[in-house]
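Data first, discussion second: the structure below is written as structure tokens.
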Ligand SMILES: NC(=O)c1ccc[n+]([C@@H]2O[C@H](COP(=O)([O-])OP(=O)(O)OC[C@H]3O[C@@H](n4cnc5c(N)ncnc54)[C@H](OP(=O)(O)O)[C@@H]3O)[C@@H](O)[C@H]2O)c1
């Protein structure tokens, strides 16, 4: 059974009463890592969930786990690297009569290497998954939340957003877009009863490094760089989202990295980026 005392505060302070039903959360990239742990966090706190990603068996297995926590878990596999797929997903959710109270834009992946050696098809897919899809989903789902004067949105960015990243240029640029969009929307949403939180994890133990070819980078391979568990990132992200915090960088060292990316000149930032992301010789 869900812990009723922990039922989310999205019904508080928004000028509306809870209508008695459990809030519904849509989680993208729910088949592994941070997304799966965010879905667990949501279910533990009394939410029903719609789980999406490409790998249906992983989503089904997570749905079984979350149903045991008392959540209604709906699986909707989708490849959001296909142009238009995110809007299609929003339409399918609408056609099923599902009303999203919490939107978690988490799906994403990276790529390592000099820009001119990156696979152009992979760049296209990354721009769709990391940039176009969260933009389209947020645009599709926000108006209903604003009309109901309640809702929570999360965009998952990264500490990679705070400085350009030679050797991981496209990925860092996608995450800078996400952070910029998130910070702007958090301001636009003031007074609407809806809040938006941009979550910026640093290196985290998930499938990300392997999927992105980043396992050998000092960022992931060096013992000197602290890594968080996806469960801890999800817990901190969930709490920040429910408090309506506009931006959360997880972990003390990551906060320092993000802060220095914002305040130090590029002459300082680039050598640090090189230490973490390796060489980018063409
Ligand atoms: N791990 C880190 O160090 C780290 C640090 C900062 C930020 N982040 C961000 O955290 C988010 C979650 O990543 P993670 O670390 O949890 O890595 P992960 O375990 O690899 O999870 C990535 C998720 O994105 C989904 N995804 C990828 N391509 C997709 C596509 N074409 N269509 C639909 N879903 C797709 C994957 O599902 P399928 O493969 O089943 O499609 C998976 O569920 C990402 O946005 C990532 O950029 C990660």
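FYI, it's all coordinate maths here, none of it is from the lab. Since the model is a prediction, treat every value here as computed from it, not as a measurement. Positions of Cβ are backbone-derived with ideal geometry, glycine not excepted, and every protein chain shown enters the neighbour counts.
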TODO: Take the Cβ-Cβ distance between residue 260 and residue 124 as r, set R0 to 41 Å, and report the resulting FRET efficiency rounded to the nearest 0.05.
DONE: 0.80
TODO: Take the chain, connect every pair of alpha-carbon atoms lying under 10 Å apart with a spring to form a Gaussian network, then pick out the residue of 98, 137, 248 with the largest mean-square fluctuation.
DONE: 98
Task: Rounded to 10°, Cα long-axis angle of helix 56-67 versus longest principal axis of the chain - done: 50
Open item on the list: Starting from the 7 Å offset along Cα-to-Cβ, what nm value, one decimal, do you get for the label separation of residue 229 and residue 92?
Closed with: 3.2
- [ ] Mind pulling the angle between the C-alpha long axis of helix 169-188 and the longest principal axis of the chain? Nearest 10 degrees, somewhere in 0 to 90.
- [x] 40
- [ ] Calculate for the chain the 222 nm mean residue ellipticity that helices alone would give, adding -39,500 (n - 2.57) per DSSP H run of length 4 or more and normalising by residue count, nearest 500 deg cm²/dmol.
- [x] -13500 deg cm²/dmol
Task: Most mobile listed residue (181, 224, 69) in the chain, GNM with C-alpha springs under 10 Å - done: 224
Open item on the list: Compute the distance from the alpha-carbon center of the stretch 36-71 to that of the stretch 73-105, in whole Å.
Closed with: 15
Open item on the list: So if I restrict to the alpha-carbon atoms in the stretch 145-282, what is the Rg, and what is Dmax, the biggest pairwise distance, in Å?
Closed with: 15.8, 52
Open item on the list: Largest first, please: the extent of the C-alpha atoms of the chain along each principal axis, to the nearest Å.
Closed with: 57, 36, 32
Open item on the list: How tilted is helix 33-44 with respect to the longest principal axis of the chain? Cα atoms for both, answer in degrees (0 to 90, nearest 10).
Closed with: 20
TODO: Take 28, 52, 204, 170 and order them by how many other Cβ atoms sit within 10 Å, fewest up front.
DONE: 170, 204, 28, 52
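Is the stretch 119-186 best put as rounded, prolate or oblate by its Cα gyration tensor, with a ≥ b ≥ c the root eigenvalues, rounded for a/c under 1.5, and otherwise prolate when a/b is larger than b/c, oblate when not? Working shown, then result.
On the way: a/c = 4.03, a/b = 1.85, b/c = 2.18.
Oblate shape, in that a/c is at least 1.5 and b/c is the bigger or equal ratio.
Please rank 200, 172, fewest neighbouring Cβ atoms within 10 Å first, as an exposure proxy. Provide the component values of the computation, followed by the final result.
Numbers: 200 28, 172 23.
Going from sparsest to densest Cβ surroundings: 172, 200.
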Open item on the list: What whole-number distance in Å separates the alpha-carbon centres of the stretch 146-212 and the stretch 233-265?
Closed with: 10
- [ ] Could you list 252, 270 in order of exposure, starting from the residue whose Cβ has the fewest other Cβ atoms within 10 Å?
- [x] 252, 270
TODO: Name the most mobile residue of 113, 97, 244, meaning the one with the largest mean-square fluctuation, in a Gaussian network model of the chain with Cα contacts below 10 Å.
DONE: 97
